[in-house]
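Trainee: Once you've had a glance at the structure underneath, I'll fire off some questions.
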Amino acid sequence: MDKTTSIHGMWSSRLMFILAATGSAVGLGNIWRFPYMTSDNGGGAFVLVYLACIAIVGLPILFAEVLIGRHGRMSPINTLRGLVRDSGKSRGWVGIGWIGIVAGILILSFYSVVAGWTLHYAWLYLKQLLGGAHITDPGATFTELLASPFELTFWHALFMLLTVLVVAMGVEKGLERAVRFLMPALFVLLLALVAYGVTTGYMGQAMAFLFKPDWSEIDGNVFLRAMGQAFFSLSLGMCAMMTYGAYLPREGVSIPRVGIAVALTDTTVALLAGMAIFPIVLSFGLDPAGGGPGLIFTSLPLAFEAMSIGAVYGLLFFGLLSVAAWTSSISLLEPATAFMVEKFGIKRRKLAALSMAGLCWALGLLSVLSLNVWSGVRIFDRDIMGFIELIANDLMLPLGGLLIALFTGWVLNRTVLREQLSEMPEWLFNAWRWLLRVVAPLLVLVVLVRALL
Ligand code: PHE
């Protein structure tokens, strides 16, 4: 072990890794899911629990994933196989890799459907710019989209195609330009929307909703959702960061530093999205609570319609959001693809990527149909898409993270860890290790158990 390169290729620089990992973290999770989760789970209290989960649970596990990847240099399953072989530990730990790959496939299946919505909205605004109809009743427009299995499947397929294109070529090539220029553009656009929010006069109220906790809103379920959101947003618990870590050069790259940079950017984008959306929601007299998965699609178009060049904003916003979703979905597909490549041979990369994407696409049809034809089907009080989201996102990711924490904290040899984190001062390294050994696993366990009982 301890290879210096991966057979799947390497990031050309430290910056490239930061871009790729930030590209993975920042996506629909920040801009679509965070606002609607906040809206559905009572506002401020949810946000504070989410932030605490990022800092106490997410960040230490982020370091752990990247470190394991950089040490093993293979797809998660084979990296873990190598690690347990070298250390003579139980093969059961390889299950982390399997959980990750299955969770990734399940998540990508609905992620791509939602990313399809954003593509559709970008298209609607493009048409509007070219003289087409305006979105005057966003609620109706959204309902109309969800009612059409054909439209949904088309955009879902298109998005999956874009994703597989990059993964089939090898991740680095396609990614660099997308992340380096387009992600900052999205950031600027969000800032502009926050500024717009200030002009509505509702920023104060929005901030109160976002940051003033009402602890009576909190129950076991809210904790579960906040923790699931923290994992989802940081792309943790399913070995995406582990896979990206496998392509990270050893020289001159401090894992804690890049990890903190990624987590800070990710959290900032989520909070900005909240600060952009809630003033708009409030100023149009909508209820900030209970917005559901349609929240950004039913609220933002109201603001775009009120602006003088709203269609340009709409096109840019949904176009760039699609790009952000794209750089995330690439990282959802890569772990399974890398594993298939290792199993069936390096020359089969295109085939490996295509078959995995095909599987995700087909599974995605379940989500598509759950929005219309099968909308009556209920599993544990959720529709099919909500159920897949619950299992993969809120249960499998924390479970994967819990196991990664325990594995890194208790099973991996101290010298292996120290070697990967050589830049860390001793006290910080020890604190990190105890967070992984005790604090993070306990918190995750308590939340999982409380929510399940
Ligand atoms: N973090 C991504 C987002 O916020 C989603 C994702 C989850 C990507 C898990 C990879 C792994 O949109």
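The values are calculated or read from the model by the stated rules, or taken from the named source; none is laboratory data. Given the structure is predicted, the values throughout are model-derived calculations rather than measurements. Neighbour counts run over all protein chains shown; Cβ positions are idealised from the backbone, glycine included.
Trainee: Those residues that are within 11 Å of the ligand (Cβ to nearest atom) and within 21 Å of Thr38 (Cβ to Cβ), I need them from the stretch 224-262; list them, please.
Mentor: Passing the criteria: Gly228, Gln229, Ala230, Phe231, Phe232, Ser233, Leu234, Ser235, Leu236, Gly237.
Trainee: Where in the stretch 176-284 are the helices (runs of 4 or more DSSP H), entirely inside, with at least 2 residues that are closer than 30 Å to Met74 by Cα, modelled with pLDDT of 95 or more and within 16 Å of the chain's Cα centre (by Cα)?
Mentor: Those helices (runs of 4 or more DSSP H) span 220-233, 240-245, 255-283.
The rows are residues; the columns are (1) within 13 Å of the ligand (Cβ to nearest atom); (2) surrounded by fewer than 23 Cβ atoms within 10 Å (Cβ to Cβ).
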| position | (1), (2) |
| --- | --- |
| Ile31 | yes, no |
| Pro35 | yes, no |
| Gly58 | yes, no |
| Gly69 | no, no |
| Leu80 | no, no |
| Val84 | no, yes |
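Trainee: Let me spell it out: the conditions are (1) within 16 Å of the ligand (Cβ to nearest atom); (2) surrounded by fewer than 24 Cβ atoms within 10 Å (Cβ to Cβ), and Ala64 meets all of them except one. Which number is the exception?
Mentor: (2)
Trainee: Consider Asn221 against the criteria (1) within 26 Å of Gly314 (Cβ to Cβ); (2) surrounded by fewer than 18 Cβ atoms within 10 Å (Cβ to Cβ); (3) away from the ligand (no atom under 15 Å from the Cβ): it satisfies all of them except one. Which criterion is unmet?
Mentor: Going through (1) within 26 Å of Gly314 (Cβ to Cβ); (2) surrounded by fewer than 18 Cβ atoms within 10 Å (Cβ to Cβ); (3) away from the ligand (no atom under 15 Å from the Cβ) one by one, Asn221 breaks only (1).
Trainee: Continuing with the same structure: Provide a single number: the residues in the stretch 251-272 that are crowded, with 17+ Cβ neighbours inside 10 Å and among the hydroxyl-bearing types (Ser, Thr, Tyr).
Mentor: Qualifying residue count for the region: 2.
Trainee: Here's another thing I want to ask about it. Gly100 is checked against (1) in contact with a Gly (Cβ under 6 Å, 6 or more places away or on another chain); (2) within 21 Å of Gly319 (Cα to Cα) and fails just one. What number does that condition carry?
Mentor: With respect to (1) in contact with a Gly (Cβ under 6 Å, 6 or more places away or on another chain); (2) within 21 Å of Gly319 (Cα to Cα), Gly100 is out only on (2).
Trainee: While we're here: Please enumerate the residues belonging to the stretch 356-379 that are crowded, with 20+ Cβ neighbours inside 10 Å and among the hydroxyl-bearing types (Ser, Thr, Tyr).
Mentor: Passing the criteria: Ser367, Ser370.
Trainee: Here's another thing I want to ask about it. Please work out which one of (1) surrounded by fewer than 23 Cβ atoms within 10 Å (Cβ to Cβ); (2) under 13 Å from Ala246 (Cβ atoms); (3) out of contact with any helix residue (DSSP H, G or I) (no Cβ under 6 Å at 6 or more places or on another chain) is the condition Phe17 fails and give its number.
Mentor: Of everything listed in (1) surrounded by fewer than 23 Cβ atoms within 10 Å (Cβ to Cβ); (2) under 13 Å from Ala246 (Cβ atoms); (3) out of contact with any helix residue (DSSP H, G or I) (no Cβ under 6 Å at 6 or more places or on another chain), Phe17 misses just condition (1).
Trainee: Mind listing just one residue for me: the one in the stretch 287-336 that is acidic (Asp, Glu) and more than 16 Å from the ligand (Cβ to nearest atom) and, of those, nearest to Leu272 (Cα to Cα)?
Mentor: Applying the filter and picking the extreme gives Asp287.
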